[in-house]
Structures are given as C-alpha cells and as structure tokens.
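The values are calculated or read from the model by the stated rules, or taken from the named source; none is laboratory data. Keep in mind that what you see is a predicted model, and the values were worked out from it rather than measured. Cβ placement follows ideal geometry from the backbone for every residue including glycine, while neighbour counts extend to all protein chains displayed. Heavy atoms of the whole protein, side chains included, go into the accessibility calculation; ligands, DNA and RNA do not. Shrake-Rupley method; radii C 1.70, N 1.55, O 1.52, S 1.80 Å.
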Amino acid sequence: MKIDRVELSLLYLPYVHPFETSFGREEGRTFIIVQVYGDGLCGYGEVVASQEPLYSYETTTTAWHVLEEFLVPLLFKQNITEPEAFYRAALKYRGHPMAKAGLELALWDLKAKALNVPLYQLYGGTKKEITPGVSCGIEDSLAALLHQVEAYVREGYKRVKIKIKPGWDVEACRLLRKHFPDLPLQVDANGAYKIEDKERLKALDEFCLLMVEQPFAPYDLWDHSRLAKEMATPLCLDESILSVNSVRKAYEMGACRIINIKVGRVGGISEARQIHDYAQAHEMPVWCGGMLESGIGRGHNLHLASLPNFLYPPDLSASKRYYAEDIIEPPVELTERGTILVPEGPGIGVNPVEKRIKRATRRHQVFRSSDY
Ligand code: OSB
Ligand code: MG
C-alpha cells in the first residue's frame, strides 16, 4: 500500500433544528472531511472541530492548518500507511486531537477496505446492533422541550439526554420525569456550573438520572471529585477526558464513574481503544459521545461503539435527526426495535455520496505524495 494523495474538504450542512448548549446556539455545522487515497481505494475520516472554539480550542481553521502544515507532511515524509503508525508519529505534536483523529480515521477506513473487512472487526467490536440515545438541545421554553422529547420517544429513541445550564435544569428534569416516569434520562452541562452551584446539582438526584455529564470546566477534575462524593447520581466526564492518562487521574481522584468517549476529543481510535481498555479493567462503563457528525463520522462512531465496554447508549441518532440530507446513502436509520445496525460492508461500511459532498463543500485542497 502506498498513499498517493490526501484531500481535505470543508463542508457546511444546515441542521433540521437549531442545536443549543450552555455555550450557544448553532444553526448548522462546519466540518472537515479527510480522504486518503491508496491502491485505488479511498478512506474517509471526519474532523469534528467546529467553526468557533466553544466545545474545545480547536476550530475548522486550526485543524486545517495543522493537517496541511504538519500531519499530512508527516504522513508523506515517513511513508506512513498504517493508522497505528500515524498515531505514534503524531504524538510528537502537542494537542490538536480532532485534526489528528480525522486523518487517523481515514487511514483506518482505508486499511479495513484494503483487508475487505468492516472496521469493527479490526477494533475488536462485538455488538452488531446498538441501542442509541438522542441528545436534545436547550429550547426556548419547557413546552418546546417536552414537545421535542415526545417526538423523539415516538420515533423510537430509548434514552434521552438533555442539555442543561443554570436556570435550565431542575424544572426541565421535573417536567420530563412527570411525563416519562421510566425513561432512561441523563443531562449534560458542558461545564456550565461552578462548585458554588453544588446544591443545585445535588437537587438533580431526585430525578433518577443515568448520569450528570460534565458539570464543571474541563480542567477541573478536583471539583468534580468533590461533587461526586456528595451526589448519588453518577458523574460522567466528556470535555475533561483527553487521553487514557486523564482517565487514570479521573479514576484515582473519584472524579467520575462513567466516561464519554469521543474519538475526536481524544485524538483518534488508538487512544480511544486504550481508554476503553483501561476503563474496562477498572470497571468503569464508557459510552460513545457525538459531535452532530455527518454520516461519515457517525458511521465511524458505530464501529467504535460496538466494543464490549460501551455499556450506555451512545449519542448517535438517525441521519434525519440532524440533517435533511446526509452525505451518505442509505442514511443511518432506526430499526423498529429502536436500534441501529453496525454496518457490515468493508471499512466504515457507509457510502459517501460524492455529489452531495461537493455541493456542501466551501473549500477543497489536494495534497500529493509526489510533492513531499
Ligand atoms: O457535549 O456531547 C456534547 C454536540 C456538540 C458538542 C458537544 C456535545 C454535543 C452533543 C451532540 O451532545 C450529540 C450528538 O451528536 O447527537
Ligand atoms: Mg457532552
């Protein structure tokens, strides 16, 4: 195998419904698709960085810069073809996990396609079918939130997560619990609280939530460990978990009992699998988070979520929950059982539609191995 070229495309897709978190409302998503060509095959990856540095410091512009100036040259100058080799080589560059993950994912897809196997087989995935959850943004009113949750439950979603922030938390949970006494429900604060809000967060214990995700700032493991000691509901960390090393610290401090794994946030599948294995050895369940990915990133998430210690439902919904027209065909859909099947075709096992990718593309660049 020789990698002939890498292509980057910057895409914009509007959401079917605006998505609001504690850091703001977005009407659509700007993201990067990475394509890696070799042996007549093409591997696809997605960079989940957003246009603005809200969820993380990375943006589509920083990711493009890091890919163009450092990661793509690294690949060509060292003749790297294997995703594991790329992961190890790219460790020398500090940070920028989403940029690294996008290219690593494309190399995994290419490798699996060359071997003619689905990705989950390379990863050691065991589940063929996944029961997903749906992540609901902050709405203009509690009535609108209830309406949205009712629609998702009617569509077949078996677990609901709502975004919270100070002032949009206890009452929202009370209302949903009243209407759905048995629904598996969880909340995600994206770091919107401070330790001074501890009593408000403890009030959430009343609602039998599966977990409270990332109440405090990403760097604040210590305050999470203080809250965890006083709360019955398990804490889950998302933004705080950047590597297997940060999981060890969170575990040893008792900062959380559950880990949200996002392949972009941790810098790729190699790191994500180490986190999975460490958590499994320490009896900490993990689950697969989402970044409102296109069908390409979501397809990748399905394979990761098929690993055995992914014990809670992922934030991974059908294509139509996010986009009127996904860039893959067929789109991701829920079965009558409210599940999603892990694709069985080679690689990611989803079919990107080049025409739709082109239509959504705002910037495109080709990098040829012969130029390095
Ligand atoms: O914190 O999990 C999060 C989306 C963007 C940024 C952060 C988060 C999210 C989600 C979306 O919750 C989940 C999904 O992709 O369905
Ligand atoms: Mg989160």
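Working only within segment 1-46, note down all residues that are within 16 Å of ligand 2 (Cβ to nearest atom) and among the small types (Gly, Ala, Ser).
Ser22, Gly24
When only residues in segment 327-371 that are touching a residue at least 24 places away in the same chain (Cβ under 8 Å) and of a type in the set (Ser, Thr, Tyr) count, which is nearest to Pro313 (Cα to Cα)?
Thr339
So is Asp238 acidic (Asp, Glu) and within 14 Å of the chain's Cα centre (by Cα) or not?
Yes, satisfied.
Can you find even one residue in segment 332-352 that is within 21 Å of the chain's Cα centre (by Cα), buried (at least 16 other Cβ atoms within 10 Å of the Cβ), at pLDDT 95 or above and assigned to a helix (DSSP H, G or I)?
no
Determine, yes or no, whether Ser319 is among the hydroxyl-bearing types (Ser, Thr, Tyr), modelled with pLDDT of 95 or more, touching a Pro at 6+ places or on another chain (Cβ under 6 Å) and under 29 Å from Ile258 (Cα atoms).
In short, yes.
Restricting attention to strands (runs of 3 or more DSSP E) lying wholly within segment 130-249, give those where 3 or more residues are within 16 Å of ligand 2 (Cβ to nearest atom) and either without any contact (Cβ under 8 Å) to a residue 12 or more places away in the chain or open to solvent by less than 10 Å² (accessible area, probe 1.4 Å) (or both).
Here the list reads 160-163, 185-188, 235-237.
Here are Val16, Val72, Val6: which of them is in contact (Cβ under 8 Å) with a residue 40 or more places away in the chain, touching a Lys or Arg at 6+ places or on another chain (Cβ under 9 Å), open to solvent by less than 10 Å² (accessible area, probe 1.4 Å) and within 25 Å of Ala360 (Cβ to Cβ)?
Exactly one residue qualifies, and that residue is Val6.
Residue check: is Leu107 buried (at least 24 other Cβ atoms within 10 Å of the Cβ), more than 16 Å from ligand 1 (Cβ to nearest atom) and farther than 16 Å from Val350 by Cβ?
Here the answer is yes, as Leu107 does meet what is asked.
Restricting attention to segment 280-303, report how many residues are more than 12 Å from ligand 1 (Cβ to nearest atom) and either surrounded by fewer than 24 Cβ atoms within 10 Å (Cβ to Cβ) or in a loop (DSSP other than H, G, I, E, B) (or both).
Residues in segment 280-303 being more than 12 Å from ligand 1 (Cβ to nearest atom) and either surrounded by fewer than 24 Cβ atoms within 10 Å (Cβ to Cβ) or in a loop (DSSP other than H, G, I, E, B) (or both): 6 in total.
Can you find, within segment 250-262, the residue that is nearest to Lys100 (Cα to Cα) among those that are more than 14 Å from ligand 2 (Cβ to nearest atom), outside any loop (DSSP other than H, G, I, E, B) and of a type outside the set (D, E, K, R)?
Ala250
Check whether at least one residue in segment 330-344 is within 30 Å of Pro73 (Cα to Cα) and touching a strand residue (DSSP E or B) at 6+ places or on another chain (Cβ under 8 Å), and report yes or no.
No, every residue in segment 330-344 fails to be within 30 Å of Pro73 (Cα to Cα) and touching a strand residue (DSSP E or B) at 6+ places or on another chain (Cβ under 8 Å).
For Asp277, only one of the following conditions fails: (1) crowded, with 24+ Cβ neighbours inside 10 Å; (2) over 16 Å from Asp109 (Cα atoms); (3) charged (D, E, K, R). What is its number?
It fails just one condition, (1).
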